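Below is one structure, written out as structure tokens, with a few remarks after it.
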Amino acid sequence: MSVPERAPPRLRFAPSPTGFFHVGGARTALYNWAVARRLGGTFVLRIEDTDEARNRPEWTEGIIESLAWIGISADDPTFEGPYFQSSYAADHVEAAARLYQSGAAYYCDLTPDEVQARAKAGGKPGYDGFSRDRGLEPAPGRVLRFRVPDGATVVSDLVRGEVEFDNEHIEDFVLLRGNGTPMFLLANVVDDAAMAITHVVRAEEHLPNTPKQQMLWQALGREPPTWAHVPVLVNEQRKKLSKRRDKVALEQYRAEGYLADAMVNYLMTLGWAPAGETEIVPWSRIEAEFRLEDVNHAPAFFDLKKLAAFNGEYIRMLPLDEFIARCDEWLPPDWDRAVFARMAEHVQTRVVTMADVAPMVDFLFLPDPEIDEGSWNKTMASEFSAPLLRDVVEAFDSTAFVAAELKTTLEVIAERHEQKLGKAQAPVRVAVTGRTVGPPLFESLEVMGRDETLRRLRATLERLERHE
RNA sequence: GCCCCCAUCGUCUAGUGGCCUAGGACACCACCCUUUCAAGGUGGCGGCACGGGUUCGAAUCCCGUUGGGGGUGCCA
């Protein structure tokens, strides 16, 4: 038995070189990466650079960094690049010349305004093929247009099946501008051909351009690549995620304390689902199971709430010591790490993002708790608060300062004031932490220590008495 | 306008003609647990856009309607 010969796939990813990396782009990159890894191929990053991008190397660095964050490692031989479109500029012009010589393209001297005027007069949108048979020679100001053949172009797409386009609706599009520079479409195809790209996986917004690119491949005498147009990501209004309206920058999610693993896992469930009972699966399984053929056809809503749920779950999956280690960069440098470590297990089950960590335990490190007025008013208004606090101060002065003892002590006091423990702990909590909600109280007190606890309780009593 | 794509709970999905009185996840609600808040556990609410076919049988195939999205540059 012989294994069928098959060239290893080369997939390319061509993000627009703006200064940030989009979650939609991240998902497409992940799709590419998963396929390249599973099939033992290569994933090529090619930046479609513009003049502006060429002057901003940090944009490319940002893309590389973002890809690294979501696990697409530049160290891995599967990953190649970045390459730049401009490095193939000579090839673009050469290919255009070949197309002209073979008759697959022709020159046209109409200005955009003239093209539009003719379209309006003819009642048909787009360029009408005016210069097709005029035999114009190349000259400054003249554009090179592709001669779209009659018939139909069938795009064979891994996620959508066969999509047929009637060539009658495709105008003779521009290959070279009047100044001789190549258009994106041409450059793109020439680059892909030169780099021996076998799979083009991109967002579905590119589907209408695909027949044009496919015809170019064929006119250049090359076998077109395998296409895969994946659905776009949309906002709550079902519109494509946009930089202006929506929070789309990958960097922003990192800055807000989302874990890369959670982000990757969530992104992959948009348009696809791993087999089995749960959507929370490690990348190793995604890589092994992901198929472009299984990707959904409909746009998917990027749901922040579900991302948050995934993130919380990923945080809770972390072994405690790793959670502590990961918290380090989220804590102010002057906070005592040993103190935090004692509280970490209580923090871990309560945070949604890493950015929630510090605010949850800040009262332990601040010279004084930041009193939330709403919490104060609600809690201290109770008749029993002041007298109970007085009892607590007295009792805490002598009880062993460990959580279990503190709890027992407060239980006794609560009973004396005819309150349930849930009610009785509230004024203590507000006095010491400044809020009605937070990590478990007695554990917090134990970590805080007797002196500081008593100081805060007394300060609270003073404030209460002043107001009476 | 023209071209293309799409359509399962509010959301993300499973489902590829009988295993579907449609399964899971997020969200929401209730209860349990409980020192607040979480976490965890249990349960609940909730969907095949509509109309025609095809078939013994349709969420699944075909046609149409409606609704959504994308594309229509000498932008990328």
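The values are calculated or read from the model by the stated rules, or taken from the named source; none is laboratory data. Because the structure is predicted, anything quoted here is derived from the model rather than measured. Neighbour counts are summed over all protein chains in view; Cβ atoms, including those assigned to glycine, are modelled from backbone coordinates with ideal geometry.
Quick notes
- Boolean, A:ARG390 is out of contact with any Phe, Trp or Tyr (no Cβ under 9 Å at 6 or more places or on another chain) and surrounded by fewer than 17 Cβ atoms within 10 Å (Cβ to Cβ): yes
- The single condition among (1) surrounded by 14 or more Cβ atoms within 10 Å (Cβ to Cβ); (2) in a loop (DSSP other than H, G, I, E, B); (3) among the acidic types (Asp, Glu) that A:ASP362 does not satisfy is (2).
- When A:ARG244 is tested against the conditions (1) under 13 Å from the mean Cα position of the chain (by Cα); (2) modelled with pLDDT under 90, the lone failure is (1).
- Of the residues making up the stretch A:288-319, those that are more than 10 Å from RNA strand B (Cβ to nearest atom), more than 18 Å from the chain's Cα centre (by Cα) and not in a loop (DSSP other than H, G, I, E, B) number 3.
- Residue check: A:TYR107 meets all listed conditions (1) crowded, with 17+ Cβ neighbours inside 10 Å; (2) in a loop (DSSP other than H, G, I, E, B); (3) in contact with a Ser or Thr (Cβ under 9 Å, 6 or more places away or on another chain) but one, namely (2).
- Within the set A:ARG118, A:ARG98, the sole residue that is touching a Leu at 6+ places or on another chain (Cβ under 9 Å), at pLDDT below 95 and part of a helix (DSSP H, G or I) turns out to be A:ARG118.
- Listed by position, the helices (runs of 4 or more DSSP H) enclosed by the stretch A:200-269 that each have at least 3 residues that are in contact with a helix residue (DSSP H, G or I) (Cβ under 7 Å, 6 or more places away or on another chain) and more than 30 Å from A:ASN311 (Cβ to Cβ) are A:210-219.
- Residues considered: A:GLN214, A:GLN218. Of these, the only one that is over 19 Å from the mean Cα position of the chain (by Cα), free of Cβ contacts under 8 Å to residues at least 40 places away in the same chain and either surrounded by 21 or more Cβ atoms within 10 Å (Cβ to Cβ) or closer than 15 Å to A:PHE146 by Cα (or both) is A:GLN218.
- Unmet criterion (only one of (1) surrounded by 13 or more Cβ atoms within 10 Å (Cβ to Cβ); (2) assigned to a strand (DSSP E or B)) for A:GLU171: (2)
- Single residue of the stretch A:119-139 satisfying the filter (under 17 Å from A:GLU168 (Cα atoms) and either more than 10 Å from RNA strand B (Cβ to nearest atom) or among the hydrophobic types (A, V, I, L, M, F, W, C) (or both)) that is surrounded by the fewest Cβ atoms within 10 Å (Cβ to Cβ): A:GLY122
- Where A:ALA403 falls short, out of the listed (1) farther than 22 Å from A:PRO332 by Cα; (2) crowded, with 18+ Cβ neighbours inside 10 Å: (2)
- Among the criteria (1) within 11 Å of RNA strand B (Cβ to nearest atom); (2) of a type outside the set (Phe, Trp, Tyr); (3) at pLDDT below 95, the one A:MET380 does not fulfil is (1).
- Among the residues of the stretch A:10-32, at least one is touching a residue at least 12 places away in the same chain (Cβ under 8 Å), more than 16 Å from RNA strand B (Cβ to nearest atom), surrounded by fewer than 22 Cβ atoms within 10 Å (Cβ to Cβ) and not in a helix (DSSP H, G or I).
- Index of the failed condition, A:ARG118 passing every other in (1) out of contact with any helix residue (DSSP H, G or I) (no Cβ under 9 Å at 6 or more places or on another chain); (2) over 30 Å from A:ARG134 (Cα atoms); (3) basic (Lys, Arg): (2)
- In the stretch A:39-64, the residue that is farthest from A:PRO9 (Cα to Cα) out of those that are in contact with a helix residue (DSSP H, G or I) (Cβ under 6 Å, 6 or more places away or on another chain) and in contact (Cβ under 8 Å) with a residue 40 or more places away in the chain is A:TRP59.
- Scanning the stretch A:33-43 for residues that are of a type in the set (Phe, Trp, Tyr) and either under 14 Å from A:THR226 (Cα atoms) or part of a loop (DSSP other than H, G, I, E, B) (or both) gives no hits.
- Check on A:GLU204, more than 30 Å from A:GLY40 (Cα to Cα) and in contact with a strand residue (DSSP E or B) (Cβ under 6 Å, 6 or more places away or on another chain): no
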